[in-house]
Amino acid sequence: MPSRMKALAIAAGLGCAALSGAAFAKPAAAPAGAAPQAAAAPAGAANTAPTTAAAPTTAAPTSPLLAQDGAPAIAIDPKVGLPIDGRIGLQPQVTKNGEFAHWMHNDVLLPVITAICVLVLLLLAWVVFRFRRAANPVPSKTSHNTFIEVLWTLGPVVVLVLIAIPSIGLLQAQFKPAPAGAVTLKAIGNQWYWTYQYPDHGGIEITANMLKEKDQVSPGERARTDVDGPRLLAVDNRIVLPVGVPIRLITTSNDVIHSWAIPAFWMKLDAVPGRLNETSFTIEKPGLYFGQCSELCGARHGFMPIAVQAVSPAQFAAWIAAKGGKMPGAATPSAAVIPQPGAEGSAAEATQANAAEAVTGPADNAATPAQSSTSAQGATGNPAGPGNAGQ
Ligand SMILES: [Cu+2]
């Protein structure tokens, strides 16, 4: 009886663990040094497209604390939003779903798994000891016991139903569409950096590249400092998002499948070329949160981190203004349904022009270098220039 249940419970536990994988990913585990950074990209194919346009070297900010992409000063909390050496378990969660999942993992799944393992172990030990040949020379030939059979069928069913009730609720909550008035963030994966768009805020576009170590940068290029974040997690341009406001996250990709993941948000959403994935979350605590691409996407997969700076709505509005964007009015485009390519009625209802205007789809991104849309929409230029994927 318990083995079936155990397998299912362990599978559920593994699911949770996989979702939180980045919590365990120690930055130090990735290949270090300049070599893989410099030599990784093969000179062929799609990798070169947006990257070869020589990125202007970025001067080091005078105070990195204050110069994070124009965002308000914010210091790293060494316990929240990033992996810690030797930590066991999930990162502290700062979204509702994350807190619920954290409880589910720590207070439901782990105790259930532990109890079942202990029960099975004790039963096995008892059988081995009590019915060994010396103690039980003439074995019983009993082959059925209806009571026990009913018990070992119903027991697991009850446990699984009890686990399923909160689990299905969580699953549903993770894919709940954002309410009207949400802030839309579109994350676009590239080999190997992220571009971000704020379609409701004047089309601001940001390119985020990993900051390299001091001994890896070319002269004049900005190197990582401890204020920027941990090695392999710090980026040149952080995403800024408001706390307490629902965020609509849309992901897509220009080349291969990437995955936008922030462990502290309980968030991992694949970025798939040619389609838009969508989910929503609300950050409850201001702070700095780090994540990584979590889908093996090529040679520099380990070098496309994500950094989110969660600030108050007022600071967010100020940042939007500083980037040359504008806060949406009452009729925010966020409330509009974004047609999926190939979805029923999408071609008839949204003309090509509308689609290109409302959402810069993957095809559009591939054809247009990142910065042309930036200038067209009046946002400030991205100081980092295009991604430096080929380097
Ligand atoms: Cu990736």
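Pairs of alpha carbons in the stretch 240-305 separated by more than 15 Å make up 54% of all such pairs. Segment residue 214..residue 176, full-extension length gain: 9.4 nm, with 0.36 nm per residue of separation and the alpha-carbon distance subtracted.
Here residue 284 and residue 225 are evaluated by their C-beta separation; at R0 = 25 Å the FRET efficiency comes out at 0.35.
Please work out the Cα center distance from the stretch 215-276 to the stretch 71-141, rounded to the nearest Å. Value for the Cα centre distance between the two parts: 31 Å.
Basic side chains Lys and Arg get +1 at the Cβ, acidic Asp and Glu get -1 at the Cβ, and with that the dipole of the stretch 97-233 about its Cα centre reaches some 800 debye. Applying both filters, DSSP loop and at most 15 other Cβ atoms within 10 Å, to the chymotrypsin sites (Phe, Trp or Tyr not before Pro) of the stretch 86-195 gives 131, 175. Percent of Cα pairs in the stretch 108-240 per distance bin of 5 Å, from zero to the largest separation: 2, 7, 8, 10, 9, 8, 7, 7, 7, 7, 6, 6, 6, 5, 3, 1, 0. Going from the residue with the fewest nearby Cβ atoms within 10 Å to the one with the most, 268, 176, 214 rank 214, 176, 268.
Here, each number is a calculation from the coordinates, and none is a lab measurement. Being a predicted model, the structure only gives us computed values, none of them experimental. Note that each Cβ is placed from the backbone with ideal geometry, even for glycine, and that neighbours are counted across all protein chains shown.
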